[in-house]
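This report refers to the structure that appears directly beneath it.
The values are calculated or read from the model by the stated rules, or taken from the named source; none is laboratory data. These figures come from a predicted structure and were not determined experimentally. Cβ: placed from backbone, ideal geometry, glycine included. Neighbour counts: every protein chain shown. Side chains are part of the model used for accessible areas, which takes the heavy atoms of the whole protein and leaves out ligands, DNA and RNA. Shrake-Rupley method; radii C 1.70, N 1.55, O 1.52, S 1.80 Å.
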Amino acid sequence: MNDALLDIRAGPVARQYIERHGLTPAAVRAVAGAAGGPKWLILGGLDRWLFGDWLQGPGPAVELVGSSIGAWRFAMACSPLKAAARITALESAYIEQCYSSAPTRDEITRTTHGILDHCMDESVLG
């Protein structure tokens, strides 16, 4: 049984670098965010820590590559103010979204715009 809180998988060069220097924000050059619908909710705490604390501050640019909900997560992470609060706002708006039994394209578009409006509202910053 592995008691580690985080399982880091890396190729041989990256593993060697991490073993020598540790995993630091300066070593991160890219983060991938796959599509996955509601499965991403388990990543909320990690996202808040990564983008709200650990990757903040000076350092090299970090490429964020995401599709579907990964792109939404990273849009919140790119906020210059309180990325963690925006990620939390996305989580709550995502969970609370509601559709009719046969949603139209317009209904889905309105709901999606509502989610974005909620996440980008300054009031979510506390």
- [ ] Looking only at the stretch 22-37, count how many residues are among the β-branched types (Val, Ile, Thr) and in contact (Cβ under 8 Å) with a residue 12 or more places away in the chain.
- [x] 2
TODO: Could you give me the residue pairs with C-beta distances under 9 Å whose first residue belongs to the stretch 38-61 and is closer than 15 Å to Ala75 by Cα, whose second residue is among the aromatic types (Phe, Trp, Tyr) and open to solvent by 60 Å² or more (accessible area, probe 1.4 Å) wherever it lies, and which are 6+ apart or on separate chains?
DONE: Trp40/Trp72
Open item on the list: Could you check the stretch 109-125 and list, in sequence order, the residues that are more than 18 Å from the chain's Cα centre (by Cα) and among the charged types (D, E, K, R)?
Closed with: Arg110, Glu122
Open item on the list: Pairs needed: first member in the stretch 102-119, touching a residue at least 24 places away in the same chain (Cβ under 8 Å); second member anywhere, outside any helix (DSSP H, G or I); C-beta distance under 7 Å; at least 6 residues apart or different chains.
Closed with: Ile115/Gln97
- [ ] Kindly state which helices (runs of 4 or more DSSP H) lie completely within the stretch 24-126 and contain at least 1 residues that are open to solvent by 60 Å² or more (accessible area, probe 1.4 Å) and in contact with a Gly (Cβ under 9 Å, 6 or more places away or on another chain).
- [x] 69-77, 83-96
- [ ] From the list Ile18, Ile8, pick out the single residue that is over 15 Å from the mean Cα position of the chain (by Cα), modelled with pLDDT of 85 or more, open to solvent by 40 Å² or more (accessible area, probe 1.4 Å) and of a type in the set (A, V, I, L, M).
- [x] Ile18
